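What follows is calculated from the coordinates using simple rules that are stated; it is not laboratory data. Quick caveat, the model's predicted, so the values are computed rather than measured. Every residue, glycine among them, receives a Cβ derived from its backbone with ideal geometry; neighbour counts consider all protein chains shown.
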Amino acid sequence: MEALAEVVEPGRKVIVVGGVNDVQAYRRLISQGVSEYLVAPVSSEDVANAIIACVKDPGAAARGRVISFIGARGGVGSSTLAVNMAWTLAELTQEAVIAIDLDLNFGTMGLSLNLDPKQSVADALTDSDRIDSVLVERTMMEHGPNLSILSTAGSLKELVPPSAEAVERLVDICRTMAPFVVVDLPRRWNAWVTGTLLQSDEVVIVASPDLANLRDARQLVEWQKARRSNAATKLVISKSDAAKRNQLSTKDFQDTLGTVPSMTIGFDATLFAQLMNNGQMIGEGAKAHKLNEQLRQFARQLGARRGIAKESAKGLKLMTWLKRPKSPA
Ligand SMILES: Nc1ncnc2c1ncn2[C@@H]1O[C@H](COP(=O)(O)OP(=O)(O)OP(=O)(O)O)[C@@H](O)[C@H]1O
Ligand SMILES: [Mg+2]
């Protein structure tokens, strides 16, 4: 057992099957960190039950899915997509979604949902030791029964940049509170942005079809590939037909990045300005628009299947307070 202990990595569980039916031996093995000791002969059912007991940890915090959005360049429509996706995920799954707007000074998530955040997410990030579910709850604003946001009313206050630990902790706490956490990342490159990318289950890169976007989308995709081998990177082309004659094609992106875009959003300044003015999402103000169905399909790709959301919500105790009763019509 000592020799085995040297090669067992932290977090691995060990089940031992042995011939000694003795309480002292059993206690010694358990005190050495063995999860389960079975006395031979064992049936396949015994083994199955021991494995289930090992992996089932009722006290373990549930892990919601973290989906981050970042623009390849500024102003491409990344925040617009992020908040619409958060809304769509909440609508489709009828489960809790927390959307975090990390554009700390200029974030528009509140504005686009017709909410006026009283507490800014930047204030919650000043001290990583203080971040807990109570602080998150105080900072959050609700939009309907399933969507809550952490954003800003917009402020020119000079902010002390948050630490990577604080942002990581905030995201981690949110993922114990909801099966989906949508993060709107600013187009900046620093320790907390890269840390959040690495922490995410899914990263969605939003790009417009021009050369600068292609270059930076490629840099982002390659950076991710090198560091998150098993994590998916999704690509969305936004404002796709803004300059029909001169723009690059979806195929150019596909060939250069080796990724088929999950969604293509056309250029429609009137639609998006109108939605922003009304504080509405596509699914509210333009329900019949084909973008609404595209968003729903993309949401399914991002895990909006009842099964996945339910799975990650297992044992979630904190979530109950997020499930507010629907307000009367
Ligand atoms: N498909 C679209 N067609 C036309 N306008 C759009 C489209 N998507 C977003 N917009 C508009 O473009 C502007 C920038 O959008 P948004 O803030 O979502 O971009 P961003 O990539 O998050 O920008 P930033 O770099 O400032 O974070 C907004 O006015 C928005 O309404
Ligand atoms: Mg943005």
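Below, the figures for the structure above:
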read-out	value
Electrostatic dipole magnitude of region 65-313 [Cβ: Lys, Arg +1; Asp, Glu -1; Cα centre; debye, to 20]	780
Antiparallel bridges, percent of DSSP beta bridges restricted to the chain (to nearest 5)	10
When each of LYS244/LYS290; LYS157/LYS239; LYS251/LYS290; LYS118/LYS234; LYS239/LYS287; LYS118/LYS225 is checked by Cα-Cα distance, pairs over 28 Å	LYS157/LYS239; LYS118/LYS234; LYS118/LYS225
Max mean-square fluctuation residue, GNM over the chain, Cα-Cα springs under 10 Å, options VAL14, VAL83, VAL134	VAL14
Choice from ARG138, ARG65, ARG169 with maximal GNM fluctuation in the chain (Cα, 10 Å cutoff)	ARG138
For VAL17, residues with placed amide H under 5 Å, excluding near neighbours	LEU38
Inter-probe distance in nm under a simple model that places probes 7 Å from Cα toward Cβ, at ARG227 and ALA273	3.8
Fluctuation leader among LEU235, LEU248, LEU185 - the chain, Gaussian network, Cα springs under 10 angstrom	LEU248
Cβ-based exposure ranking for TRP87, TRP223, TRP189, in which fewest neighbours within 10 Å come first	TRP189, TRP223, TRP87
Theoretical ellipticity at 222 nm over the chain - DSSP helices of four or more residues, -39500 (n - 2.57) apiece, nearest 500	-12000 deg cm²/dmol
Gain in span if fully extended, VAL160 to GLU45, counting 0.36 nm per residue against the direct Cα distance	35.7 nm
Cβ-Cβ FRET estimate between TRP189 and ASP252, R0 fixed at 22 Å, reported to 0.05	0.35
q = 0.12, 0.23 Å⁻¹, region 39-96: log10 I(q)/I(0) [Debye, one scatterer per Cα]	-0.58, -0.95
Spacing of the two label points (7 Å from each Cα toward its C-beta) at LEU198 and ASP127, in nm	2.7
Largest-first ellipsoid semi-axes for region 65-313, taking √(5λ) over the Cα gyration tensor eigenvalues, angstrom	26, 21, 18
Ascending count of other beta-carbon atoms within 10 Å, so fewest first, for ASP123, ASP184	ASP123, ASP184
Least to most buried among HIS289, HIS143 (fewest other Cβ within 10 Å first)	HIS289, HIS143
Rg(Cα)/(2.2 N^0.38 Å) for region 1-82, N = residue count	1.86
